[in-house]
Amino acid sequence: MSRSGEGDDNSMPEDLTQTEPETTTNGPSRDTPAGLAHLEVASRDATVGTPRTHIFEASNVEVAYGGKPAVTDVNIGLAEHEITALIGPSGCGKSTFLRCLNRMNDLIPAASVTGSIVYHGHDLYAKNIDPVSVRKRIGMVFQKPNPFPKSIYENIAFGPRVMGMKGNMDEIVESALQRAALWDEVKDRLKTNAFGMSGGQQQRLCIARALATSPDVLLMDEPCSALDPISTGKIEELMVEIKQEYSIVIVTHNMQQAARVSDWTAFFTVDLSAGEANRVGRLVEYNPTEKIFTTPDDERTEQYVTGKFG
Ligand code: ADP
């Protein structure tokens, strides 16, 4: 795979579903380490051996900046209607990998992506794939809320309008705000500037804006790191509610958050022994969240989730 330019104008093929059963890595069985007991892990359906439909298959993915690899050898299948958390110490390439999933790295001139990412059975980086339509199907929410300097209504209506979406715009706006659990708070001030909203509301507005173009996947890069605990709780509730309709991949530094909301967790790390100049991120372990936080397969995961490093 290589990056193709923004000029490719074929749109994504429409019917792309691929079903593939998946089982967890069969690592050595271990008892829950004492240090893991403090994390409350929500009980969920993601159990060993449960068939899952993969929406993304990443194989041997490496991203380099200016020729220097930042993350390498990523092999992972991400499933539909799940929340997948990417965790790991700062600088291990979580955000870099996340950006591969909707070709956002194309927008960073120094970045080069190699390996393969298959989305619904299609090579996401094939020449005939249009990165702009990829980003409509695979929306993204960033660390800091970034509403447009426009009214609440216009923030939501912008994407559907640009896309030429058919239908009543008032209904499209209301529906997106409802899905982002924001409608009741803003329905009487839709024409006011989005900058007048609280940080938590602005982030839910950005989620609503991403949902307004009817995406398939929502990528979230530390969406709560700038928010207070109450706003964070609202976003987490929202994520769990909407995963029936969307697939969500979230980068988070907050392990409690990963434990609370995600179904599967991928732990990345950097090999510090290689020296600063050769630092490169790698995926260490990918398992159901409950397993990652109770009986992880890899000692490095255990050390990270118990707070021994990172
Ligand atoms: P994480 O999300 O795990 O904190 P990042 O993906 O942000 O890690 O960064 C991984 C590595 O790639 C870091 O060494 C970082 O400095 C480098 N990096 C990230 N973005 C860029 C960029 N735009 N240009 C150059 N290097 C980058």
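The values are calculated or read from the model by the stated rules, or taken from the named source; none is laboratory data. Bear in mind that the values here come from a model prediction, so they are computed numbers and not experimental data. A quick note on method: Cβ atoms are made from the backbone with ideal geometry, for glycine too, and the neighbour counts reach across all protein chains shown.
Numerical summary
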quantity: Test for D271: is it within 15 Å of the ligand (Cβ to nearest atom), farther than 20 Å from K243 by Cα and either β-branched (V, I, T) or more than 17 Å from the chain's Cα centre (by Cα) (or both); calculated: yes
quantity: Residues of the stretch 211-261 satisfying the condition of being within 16 Å of the ligand (Cβ to nearest atom), touching a strand residue (DSSP E or B) at 6+ places or on another chain (Cβ under 8 Å) and not aliphatic (A, V, I, L, M); calculated: D221, E222, P223, T252, H253, Q257
quantity: Residue within the stretch 288-309 that is among the hydroxyl-bearing types (S, T, Y), surrounded by fewer than 22 Cβ atoms within 10 Å (Cβ to Cβ) and closer than 21 Å to N102 by Cα present; calculated: no
quantity: Members of the stretch 256-277 found to be surrounded by 20 or more Cβ atoms within 10 Å (Cβ to Cβ), of a type outside the set (G, A, S) and not in a strand (DSSP E or B), listed by number; calculated: Q257, R260, V261, D263
quantity: Of all residues making up the stretch 203-212, the number that are part of a helix (DSSP H, G or I) and farther than 11 Å from I235 by Cβ; calculated: 5
quantity: Residues (of a type in the set (A, V, I, L, M), without any contact (Cβ under 8 Å) to a residue 60 or more places away in the chain and crowded, with 24+ Cβ neighbours inside 10 Å) located in the stretch 195-234; calculated: A208, A212
quantity: Some residue of the stretch 82-100 being at pLDDT 95 or above, touching a strand residue (DSSP E or B) at 6+ places or on another chain (Cβ under 7 Å), away from the ligand (no atom under 15 Å from the Cβ) and outside any helix (DSSP H, G or I); calculated: yes
quantity: Those residues of the stretch 121-146 which are more than 19 Å from the chain's Cα centre (by Cα) and buried (at least 17 other Cβ atoms within 10 Å of the Cβ), in sequence order; calculated: I129, D130
quantity: Residue match in the stretch 174-194 (condition: in contact (Cβ under 8 Å) with a residue 60 or more places away in the chain, over 23 Å from P149 (Cβ atoms), away from the ligand (no atom under 16 Å from the Cβ) and assigned to a loop (DSSP other than H, G, I, E, B)); calculated: yes
quantity: Candidates I76, I117 - the one that is more than 11 Å from the ligand (Cβ to nearest atom), closer than 24 Å to Q244 by Cα, assigned to a strand (DSSP E or B) and in contact with a Cys (Cβ under 7 Å, 6 or more places away or on another chain); calculated: I117
quantity: Qualifying residue in the stretch 121-135 (condition: within 16 Å of the ligand (Cβ to nearest atom), among the basic types (K, R) and closer than 24 Å to S262 by Cα); calculated: no
quantity: Of all residues making up the stretch 120-163, the number that are closer than 26 Å to L227 by Cβ and either hydroxyl-bearing (S, T, Y) or assigned to a loop (DSSP other than H, G, I, E, B) (or both); calculated: 11
quantity: The stretch 278-287, subset farther than 17 Å from N60 by Cβ and away from the ligand (no atom under 11 Å from the Cβ), residue surrounded by the fewest Cβ atoms within 10 Å (Cβ to Cβ); calculated: N278
quantity: Subset of the stretch 164-173 (residues that are in a helix (DSSP H, G or I) and surrounded by fewer than 20 Cβ atoms within 10 Å (Cβ to Cβ)); calculated: M169, D170, E171
quantity: Among the candidates T232, T252, residue that is polar (S, T, N, Q) and within 22 Å of A79 (Cα to Cα); calculated: T252
quantity: Condition met for D45 (surrounded by fewer than 21 Cβ atoms within 10 Å (Cβ to Cβ), farther than 15 Å from L124 by Cβ and at pLDDT below 95); calculated: yes
quantity: Considering residues of the stretch 101-114 that are assigned to a loop (DSSP other than H, G, I, E, B) and buried (at least 22 other Cβ atoms within 10 Å of the Cβ) only, the residue nearest to the ligand (Cβ to nearest atom); calculated: L101
quantity: Residue match in the stretch 148-162 (condition: under 24 Å from S247 (Cβ atoms), surrounded by fewer than 19 Cβ atoms within 10 Å (Cβ to Cβ), in contact (Cβ under 8 Å) with a residue 12 or more places away in the chain and away from the ligand (no atom under 15 Å from the Cβ)); calculated: yes
